[in-house]
Amino acid sequence: MRQALGKRHYSEANAHELESLDTFPLSQTYHTENPSFDHGKATFGRKVSRRAARFSGWRGGLVACITCTAFVLLLNLILAVVAATAWNPTGGIATAFTGDCETASRFTTAFHLVINILSSLLLGASNYTMQRLVSPTRSEIDKAHARKKWLDIGMPSVRNLPSIAKSRVAFWVLLGLSSMPLHFA
C-alpha cells in the first residue's frame, strides 16, 4: 500500500512537470544547458582524443560506410583490370578458367559468395547512410512542429523528405537509385 501511494505521488509530480514543459517549445529548453560542456569529451571512464571524438556516433558510422564503399570499389577495379589483362579476352569475353567441371563449379560458387558479401556490404552502407540522411535535425523538427506537422524519428521515413534540407533529399534519392541494382545482382 505504501509503495502504491509513493508511485501515485511520483506520477502527480511528473504530470505537473510535463504540463509546464508543454508551454515552451522543446528547442528553448536546450538553451539552459551548460555552455562549457564539451560533448566530444563526454565519455564513461576513458579518455578520447578530440580527433577520435570527431568520428564518434553517426560520423563514425558514415566514415565506416565510406571506407567500406571505397574498399569494394577498389576491389572491383582491381578485378576488372585483372580480367581485362590476364584472362586473355577475345571478342569482349574473358575466360577465367578452363578445365575440370567440378573445379569450375567450386570456383563459380566461391566467386558468387564473394559477390554477395560485397553487395551486402554496399547495401548495408547505403542503407545506414540513407537512414542518417532522412533523419531530421533539431531545427527541422522545430520548424515542422511550428507548422503543426510531426516527423518520424528513429526510423527511416519518406514522410520526413519534405521537411529536411533539399541537398540531403537529393543525396538520399541518388543513394536509393544506386542501391537498386544491388538487389538484381
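We did not get these values from a lab; they are worked out from the coordinates using the rules stated. All of these numbers come straight from a predicted model, not from anything done at the bench. Don't worry about glycine lacking a Cβ; one is built from the backbone with ideal geometry, like all the others, and counts go over all protein chains shown.
Sorted fewest first by neighbouring Cβ atoms within 10 angstrom, 132, 106 come out as 106, 132. Seen from residue 129, the other residues with C-beta closer than 13 Å to its C-beta sum to a net charge of +3, counting Lys and Arg as +1 and Asp and Glu as -1.
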